[in-house]
Amino acid sequence: MQHEIEIKLIVSNDIEETLKDLSKKQDVKLINQQFDLENIYFDTPDKKLRQWDMGLRIRVNDQHIEQTIKTAGEVIGGLHQRPEYNIDINSRTPQLDLFPQQIWPKDINLDLLNEEISPLFSTNFKRQGVMMVYPDGAVVEMVLDKGVISSGDRAVTVHEVELELVKGKPELIFELAQALSQGSNVRFGVDSKAARGYMLAKDQRHEVSVLGTVKLSRDDTLETAYIKAINHGLAHWQRHIEVFIEQGNYNAIVEIRKALSLIIKANEIYSGYFHDDQLKQLTKSLFWLMEELAFIDNFRRIEQLLDNDGHKLKKLDGQANVVSLLESELSSLPNIDNLVALFNSEQHTALVSRLMQWLFFKPWQQQPLPSLEKFQTKLLRKKASSLLENDWNLIQESLPIDMDFTYQDYLAQRFNLLHNFKVGLCVGEMFEESQRQKFRAPWIDITYGIDQLLQFEPIRQLLRKEKLVDDGKTQKWLDRKEASLLHAMEQSRKQALKLTPYWRE
């Protein structure tokens with residue numbers, strides 16, 4: 001068995017010269033390699049192997065045929081770690097009984113399974129690169145793959161760099177990835193060729209999904225819960241970068257900001273147990289990206305107002321003028337090309353790399369602090385209630401039931417409400433889902449109401465900047481919209497404050 005550790009980088013332009021220059025700058029012995037690879041992936045009609053988190057492949061390289069099975073592993077950003085078994089065979093038909101018996105689920109009839117499997121998709125690409133042998137004995141394989149993944153009449157292109165650690169310290173491949181990002185536009189790839197092939201075979205693509213709660217178990221310590229939270233946010237962030245690049249769907253940008261907020265919140269909740277300057281710099285960079293994507297709120301509000309030829313503005317005097325001004329504002333905001341360039345930029349790639357290394361190397365474990373032992377041994381379920389209770393006390397103080405709230409009051413509390421939701425995403429799985437959803441429902445209505453109030457903020461901005469001349473009618477129109485929303489929100493707020501919090505049940 002080998003334990004594969006590799007980094008995948010999606011390449012957005014020609015990178016051959018960058019690879020050559022980088023390999024020449026290393027103090028290494030170079031073994032050049034170039035060959036064509038044909039890979040055929042197999043599964044049963046009901047996708048048994050996929051259900052077991054296994055991938056079966058036959059690779060043909062000239063006259064050499066090798067069967068490989070990869071078992072369940074771990075993906076941290078673009079760093080892939082999966083146990084794999086490689087066996088030379090003489091035909092393009094898999095021979096499952098040659099793999100170690102212990103990798104299979106119990107009571108599996110391998111002969112029957114071998115009969116059931118059939119080709120699902122193929123990847124065919126030209127691989128060129130180098131094997132780099134360092135003076136200390138470390139070995140890294142750096143390759144560029146260009147080709148196609150196909151299933152039936154469907155196909156997608158492959159253009160990626162893989163850095164595989166054959167022998168040595170993982171720091172090496174992170175350093176190489178950083179060096180590559182300085183010379184070319186790249187981003188970390190979360191999907192293997194096989195994962196893309198499975199989606200292609202099912203004619204599926206990644207879609208925008210709402211950020212859910214961190215998946216936790218009753219036995220999670222504060223440390224394991226923290227790691228799960230950061231991984232959860234990072235995976236959601238990177239997945240929605242691919243959604244945006246493939247589809248240009250701006251809702252994916254909303255989800256990326258939610259994921260960044262979750263990571264920042266998890267760092268805030270748990271970092272009191274350890275102290276690390278590296279984390280401070282990492283958090284600073286996360287805020288940088290949050291700011292780069294902050295335009296999305298205004299973008300979506302303007303798009304909603306312009307939807308269906310400005311139907312929402314039909315009762316507004318001077319509708320045509322308002323629509324024209326809003327279209328001008330929209331055109332000044334970052335476009336798809338700007339955002340693709342951002343996600344492939346050196347600064348963004350460096351941020352993802354630092355977060356991946358934070359999760360992989362866990363530097364906080366090197367700090368001999370008394371609080372570290374508590375962090376690693378205390379169960380989250382003993383802490384989760386107090387985290388939620390602290391936030392709940394803040395909400396009750398900020399939104400007292402005996403007061404009537406205005407538009408500005410709700411805007412002032414928007415941050416506190418979102419803060420409370422993020423804590424719930426981090427630790428909510430410790431509690432019964434139905435009770436959690438019942439308690440959250442009116443608060444979700446309130447945050448939705450705040451978003452609806454803010455939907456008209458682009459028009460208010462036009463008034464404040466005096467780009468829109470108003471005789472008072474526009475402001476009255478805004479006031480009517482505001483009053484209608486506030487009435488519903490006040491009812492939800494007073495209902496919500498009477499509910500018993502789910503963590504007290």
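Among residues belonging to segment 263-280 that are of a type outside the set (G, A, S), out of contact with any Cys (no Cβ under 7 Å at 6 or more places or on another chain) and in contact (Cβ under 8 Å) with a residue 40 or more places away in the chain, point out the one that is nearest to L333 (Cα to Cα).
So the residue we want is I263.
Among residues belonging to segment 267-291 that are modelled with pLDDT under 95 and aliphatic (A, V, I, L, M), point out the one that is surrounded by the fewest Cβ atoms within 10 Å (Cβ to Cβ).
L279
Scanning segment 308-348 for residues that are modelled with pLDDT of 90 or more and acidic (D, E), which turns out nearest to S184 (Cα to Cα)?
E346
Hey, can you tell me all the residues within segment 373-393 that are in contact (Cβ under 8 Å) with a residue 12 or more places away in the chain and exposed (fewer than 14 other Cβ atoms within 10 Å of the Cβ)?
Of all residues in segment 373-393, those in contact (Cβ under 8 Å) with a residue 12 or more places away in the chain come to 374-381, 383-385, 387-389, 391-392.
T377, E389, listed by residue number.
Working carefully through the options I450, I444, find the one that is part of a helix (DSSP H, G or I), surrounded by 18 or more Cβ atoms within 10 Å (Cβ to Cβ), aliphatic (A, V, I, L, M) and free of Cβ contacts under 8 Å to residues at least 60 places away in the same chain. Can you show your working first?
Numbers: I444 fails: surrounded by 18 or more Cβ atoms within 10 Å (Cβ to Cβ).
Testing whether each residue is part of a helix (DSSP H, G or I), surrounded by 18 or more Cβ atoms within 10 Å (Cβ to Cβ), aliphatic (A, V, I, L, M) and free of Cβ contacts under 8 Å to residues at least 60 places away in the same chain leaves just I450.
Look at segment 396-422 and say how many of its residues are assigned to a helix (DSSP H, G or I) and aliphatic (A, V, I, L, M).
Counting residues in segment 396-422 that are assigned to a helix (DSSP H, G or I) and aliphatic (A, V, I, L, M) gives 4.
Give me a count of the residues in segment 424-441 that are surrounded by fewer than 20 Cβ atoms within 10 Å (Cβ to Cβ) and among the aliphatic types (A, V, I, L, M).
The total comes to 1.
Among V322, V352, V340, which is the only one that is surrounded by 17 or more Cβ atoms within 10 Å (Cβ to Cβ) and over 30 Å from I173 (Cα atoms)?
V322
Does V140 count as assigned by TED's automatic domain parsing to the domain that holds K48, assigned to a strand (DSSP E or B) and over 30 Å from A350 (Cβ atoms)?
Answer is no for this residue.
Need the failing condition index for P368 against (1) over 21 Å from E242 (Cα atoms); (2) touching a Leu at 6+ places or on another chain (Cβ under 9 Å); (3) not charged (D, E, K, R), just the number.
(2)
Examine segment 294-307 for a residue that is modelled with pLDDT of 90 or more, surrounded by fewer than 18 Cβ atoms within 10 Å (Cβ to Cβ) and of a type in the set (A, V, I, L, M), and state whether such a residue exists.
Yes, because at least one residue in segment 294-307 is modelled with pLDDT of 90 or more, surrounded by fewer than 18 Cβ atoms within 10 Å (Cβ to Cβ) and of a type in the set (A, V, I, L, M).
Considering every residue within segment 165-184, establish whether at least one is touching a residue at least 40 places away in the same chain (Cβ under 8 Å), in a strand (DSSP E or B) and not polar (S, T, N, Q).
yes
With respect to the numbered conditions (1) modelled with pLDDT of 90 or more; (2) hydroxyl-bearing (S, T, Y); (3) more than 29 Å from A259 (Cβ to Cβ), which one is the sole condition not fulfilled by Y448?
Condition (3) is where Y448 drops out.
How about segment 307-334: which of its residues are assigned to a helix (DSSP H, G or I) and either among the small types (G, A, S) or touching a Pro at 6+ places or on another chain (Cβ under 7 Å) (or both)?
Passing the criteria: G310, A320, S324, L326, S328, E329, S331.
Any residue at all in segment 230-248 that's surrounded by fewer than 18 Cβ atoms within 10 Å (Cβ to Cβ), free of Cβ contacts under 8 Å to residues at least 24 places away in the same chain, assigned by TED's automatic domain parsing to the domain that holds Q367 and in a helix (DSSP H, G or I)?
no
Right, V208: crowded, with 21+ Cβ neighbours inside 10 Å and β-branched (V, I, T) or not?
It is false that V208 is crowded, with 21+ Cβ neighbours inside 10 Å and β-branched (V, I, T).
Which of the residues belonging to segment 360-378 are hydrophobic (A, V, I, L, M, F, W, C), assigned to a helix (DSSP H, G or I) and more than 15 Å from A177 (Cβ to Cβ)?
W364, L372, F375
S345 versus (1) within 29 Å of the chain's Cα centre (by Cα); (2) loosely packed, with under 13 Cβ neighbours inside 10 Å; (3) of a type in the set (S, T, Y): which is the lone unmet condition?
(2)
Can you list the strands (runs of 3 or more DSSP E) lying wholly within segment 23-76 that have 1 or more residues being among the acidic types (D, E), closer than 27 Å to W104 by Cβ and in contact with a strand residue (DSSP E or B) (Cβ under 6 Å, 6 or more places away or on another chain)?
Fully inside segment 23-76 and qualifying: 29-43, 64-70, 74-76.
Tell me yes or no: at least one residue of segment 267-283 is in a helix (DSSP H, G or I) and closer than 15 Å to L342 by Cα.
No.
The values are calculated or read from the model by the stated rules, or taken from the named source; none is laboratory data. Being a predicted model, the structure only gives us computed values, none of them experimental. Counting neighbours? That spans all protein chains shown, and the Cβs are built from the backbone with ideal geometry, glycine included.
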